[in-house]
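Worksheet for the structure shown next.
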Amino acid sequence: MIVVGELRAWKDLQQRCGHPEPIVCSEETAYLQLWIQQVSQQQDPALMAVHGGMLADRMAWVFVAGYQAALRRTFPDQALPRWAALAVSEDRRNDPPLPGVDYQLNDGEFVISGHKTWVAAVNSVEHLVIKAGKGARALYFNLPRTTEGLEFSSRAASFLGEMSQGSAHLSAVRLPADAALDASEIPHFGVREALYIYLAFLGYAGQRWSNAVSSEDCLALILRLSRALAETVLPVAELKAIDTDVQKILLDISPAVGADNERWEKDQRLISMYSPGIQQRSS
């Protein structure tokens with residue numbers, strides 16, 4: 001398996017990823033098929049994120065590319081050949097709110113019911129990794145889309161609007177008593193999600209916007225991020241320095257991208273919104 005850290009030049013990355021060219025994917029299904037054909041077999045999550053970003057023609061797919069890689073890093077023992085989503089968010093708007101997802105253990109099986117209010121790529125995911133319960137009793141389960149008692153609903157969104165977004169609804173979903181996942185990596189998902197999305201963004205910027213930024217500079221940041229993600233304890237000072245450089249790449253490509261993409265004003269927030277949290281980290 002070739003990992004990102006073994007690459008020395010942008011041309012090496014292009015060769016490893018089959019010389020990808022960003023194809024216009026205005027529909028989620030088009031990028032999904034491209035991802036399945038060219039990205040899904042990547043075994044290194046960092047390379048998966050970068051490769052998916054190199055194929056992206058918009059920020060919605062940059063998000064998907066990084067998000068899918070982060071999920072695979074978080075649940076490495078799960079077979080996820082196609083897209084998956086992690087469902088954690090619950091209703092805070094309605095009065096009374098929709099009940100969150102919880103479980104009971106009855107007669108040797110889990111019975112799971114409730115609602116999750118945000119599912120990424122809701123129309124396309126084949127697996128839903130769902131959090132059930134709260135606090136110390138929280139458990140995570142991997143539900144195939146066709147699971148009996150699992151339904152989805154979608155809604156329009158202005159941020160990353162080409163990506164379908166919606167909710168998941170569980171009604172007495174039954175799973176065997178050994179179905180709970182190893183969730184030991186979940187505490188790291190928040191920051192890792194941001195870093196894998198940065199990797200996808202750098203793949204996107206270096207491949208599509210090399211007229212505005214240096215592809216080799218993007219690769220140098222990709223290598224630094226890959227090394228940071230390989231550490232048992234994330235190196236905070238290095239992450240802050242990387243974030244500063246990633247934000248500069250964002251600024252450098254903005255004039256070119258904004259002239260070509262009416263969604264850019266909102267969607268560029270995908271990269272800038274993570275910066276305050278990274279810069280404020282102490283550990």
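Read-outs throughout are calculated quantities, based only on the coordinates presented, and are distinct from any laboratory measurement. The shown structure was predicted, so the numbers you read here are calculated from the model rather than taken from an experiment. Virtual Cβ from ideal backbone geometry, glycine too; neighbours counted across all protein chains shown.
What share of the DSSP beta bridges in the range 1-135 is antiparallel, in percent to the nearest 5? Before the final figure, lay out each step's value.
Numbers: 5 of 9 bridges.
Percent antiparallel among DSSP bridges in the range 1-135 is about 55.
Find the Cα radius of gyration of the range 100-226, compare it with 2.2 N^0.38 Å by division, and give the number to two decimals. Numbers along the way, then the final one.
Details: Rg = 18.7 Å, N = 127, 2.2 N^0.38 = 13.9 Å.
Expressed relative to 2.2 N^0.38 Å, the Cα Rg reads 1.35.
Of Gly66, Gly114, Gly52, the residue with the greatest mean-square motion in the GNM of the chain, using alpha carbon springs below 10 Å, is Gly114.
Under the 0.36 nm per residue contour assumption, what length would be gained going from the current alpha-carbon distance of Val24 and Glu265 to full extension? Intermediate values should be presented prior to the final figure.
Values: separation 241, 0.36 × 241 = 86.76 nm, distance 1.92 nm.
Stretched fully, the Val24-Glu265 segment lengthens by 84.8 nm.
Here the contact order of the range 84-176, divided by its residue count and restricted to Cα pairs under 8 Å and six or more residues apart, works out to 33 percent. The fraction of Cα-Cα pairs per 5 angstrom bin, counted from 0 for the chain, comes to 1, 5, 12, 17, 18, 17, 13, 9, 5, 3, 1, 0, 0 percent, rounded to whole percents. Computed from the C-beta positions of Arg281 and Ala220 and an R0 of 22 Å, the FRET efficiency is 0.50 to the nearest 0.05. To the nearest ten degrees, helix 236-258 and the longest principal axis of the Cα atoms of the chain are 70 degrees apart. Suppose R0 equals 45 Å; then what is the FRET efficiency for Ser158 and Asp182 from their Cβ-Cβ distance, rounded to the nearest 0.05? Plugging the Cβ-Cβ distance into 1/(1 + (r/R0)^6) gives 0.80. Net length available on complete extension from Arg137 to Ala256 is 38.0 nm, with 0.36 nm assigned per residue and the Cα-Cα distance removed.
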